[in-house]
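To start, the structure itself, in structure tokens.
The values are calculated or read from the model by the stated rules, or taken from the named source; none is laboratory data. Owing to the predicted nature of the structure, the values given are computational and were not obtained by experimental measurement. Cβ coordinates were reconstructed from backbone atoms using ideal geometry, including for glycine residues, and neighbour counts include every protein chain displayed.
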Amino acid sequence: MNDQRLRLDLTALADEVTSVDLRDRTLRTSRRLGIQRAVATSAAALVLIAAAAGTAFAIRPNESPPPLPADTPSVTATPTPTPTPTPTPSNSAGDTPGAPPSNGSSTNTPSVQFGKLFYGPTEMTKGEPANLRSWRPGESPVRLAALPEPAALIFRASISPDGRRIAWVQGDQEGGTNLYTADVDGSDRQRMRTNVNSICVKPTWSPDGRHLLFEEWTDDGPGRLGVLDTDSAKLTVRWWASKPVGCHPLWSSDGATIAMDTHAGVTLFDSSGNRKRDMPGLDPRGTWANGDVMSLSPDGDRIALDRPESGTEGREDDVQTPRVGAVRDTQTGKEVRLPLGGRKSRQVYFQSDGSMIVRVQVGSGYAVLLVDKDGKKVSETAEPASLKGMKILAVVD
Amino acid sequence: MDPLLSEFDSFVRSRTPALLRSAYLLTGDQHLAEDLVQSALARTHRSWNRLHHSGNAEAYTRKTMYHLQVSWWRRRRVPESMPGDLPEPRGGDSAPDHAHQTSLRLTLRAALAKLSPKQRAVLVLRFFEDRTEAEAADLLGVTIGTVKSQTAKSLARLRTVAPELAELYVLEGSTR
């Protein structure tokens, strides 16, 4: 045996390489990755913030927002009705009815029921519009609005809590980014506001479905966060006095809490942007990274997160990288056990009664579990195969 | 300057040479090695907020580098063979012994190019970085058994594609 000889020759071979300074190239690549991921992560926004500041580097530890004065109302342009997209609700070809409940505990009670699940594409197909779909277990999937930009549906759209409206941010030909709302079938499309950040902070509906939390986009990059009243004639905006660096806001259904990805992991705010507290257990050194929030329980006491599956290091930005979902207590940071039956949880969404919809991997497809507030499985339904390539965007009661 | 940026700069500049050496063995090409290290470092940068004080930044970067190398190869099937324009050997000594060493190195280089990315990665980890089987398994995200079998296959492949090296190395694999 002469392993040592092999070692020496490998070392000699490695000597051929010329060392170069990769610092600037690395930062450029990092920025590009952030933009590509578009957005699903706070890092992307932070990189842009830094880019706007001319530093191209954006990680700044735990900035706490200052104490807040009263919010400042302001007024925006009036809504601009625009032609509606063509799609209308229909049972999509190839969609199959949901399979009857299987492996359920057959203890489905009237008080805990599946809501309606909304699905969007998992990846962008260039040049092709993406359709929103909805499905209620036991019924057939329905094809809904098509957004001209798949990215808008993947990263920048949210469904109103009553399941009637969709809000999204879309770019225009002049390079601007605008906030739109429409019925989920694509009708009654309205432009709500111009110069809205399309990255990181997607428009987020208030529990009453009237207001939208969004972030403005300025010449210097991301601007203020504001709450837009979609029912007001002048589309009034109430601006947050604080300017937290965060992404992916979630608004609890009791209206009292907004959770965002921040440097601290997850930070909880009140509806005016006052910081309440950081969630423990999400230390930056921990398992969960930013950009992982998915759904917030009605009273904000639990949060659903997801992260790349272990063993996928280096592929976190790849949309195909499998992710696992979990629920954590926002007070203690501890993980809440889910009745997965040995399967992997891919997505978790809270319903307004505190019950959860848990999407689990079953072979090459999925099933959805209805789990009550106490963590007990109520029922389980196989997901139609036509939804296999999509991901859940929202669950409404 | 942002203190985190300063820390990251320092990390990049101190670790790039070592990372490039491993990357060069993995890819067999200066430019591909630079791309690989740059891509791994960019991902490290994006996670720097949680990595910088964990002491695991280099391990994370190397892990990322090995995963990227395998996934790039899967996607693009790049370079099955090493590029033709070989870099000039360092030095300039034209003595017969040096010529012999150069020839062996080029043979090894060509032989490595005939291994799969995983086999190459296992060899680099075990015989260049001097990692244990457990460490190599962790970095590659595979079991120790896979590392053992891939090591044996890699050495067997080297014996096949470069018998002259096999004579030198008497390759049989090793276990730690």
- Item | Among the candidates B:Arg15, B:Arg62, B:Arg21, residue that is part of a helix (DSSP H, G or I) and more than 11 Å from the chain's Cα centre (by Cα) | B:Arg15
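Go through the range A:22-49 and count every residue that is more than 7 Å from chain B (Cβ to nearest Cβ) and either under 15 Å from B:Val37 (Cβ atoms) or at pLDDT 80 or above (or both).
Within the range A:22-49, residues that are more than 7 Å from chain B (Cβ to nearest Cβ) and either under 15 Å from B:Val37 (Cβ atoms) or at pLDDT 80 or above (or both) number 2.
Considering only the range A:98-113, I want to know if a residue exists there that is out of contact with any His (no Cβ under 7 Å at 6 or more places or on another chain) and at pLDDT 90 or above.
Yes; the residues of the range A:98-113 include at least one that is out of contact with any His (no Cβ under 7 Å at 6 or more places or on another chain) and at pLDDT 90 or above.
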- Conditions (1) modelled with pLDDT of 90 or more; (2) farther than 22 Å from A:Val396 by Cα; (3) surrounded by fewer than 16 Cβ atoms within 10 Å (Cβ to Cβ); (4) under 20 Å from the mean Cα position of the chain (by Cα); number of the one not met by A:Asp162: (2)
- Task: State all residues of the range B:1-40 that are buried (at least 20 other Cβ atoms within 10 Å of the Cβ), of a type in the set (A, V, I, L, M), more than 9 Å from every other protein chain (Cβ to nearest Cβ) and in contact (Cβ under 8 Å) with a residue 40 or more places away in the chain; if no residue qualifies, say none.
- Result: B:Leu26
- Message: Of everything in the range A:242-265, what is in contact with a His (Cβ under 9 Å, 6 or more places away or on another chain), of a type in the set (Gly, Ala, Ser) and modelled with pLDDT under 80? Give them in sequence order.
- Response: A:Gly246
- Scanning the range A:192-210 residue by residue, those closer than 15 Å to A:Arg164 by Cβ and assigned to a strand (DSSP E or B) turn out to be A:Trp205
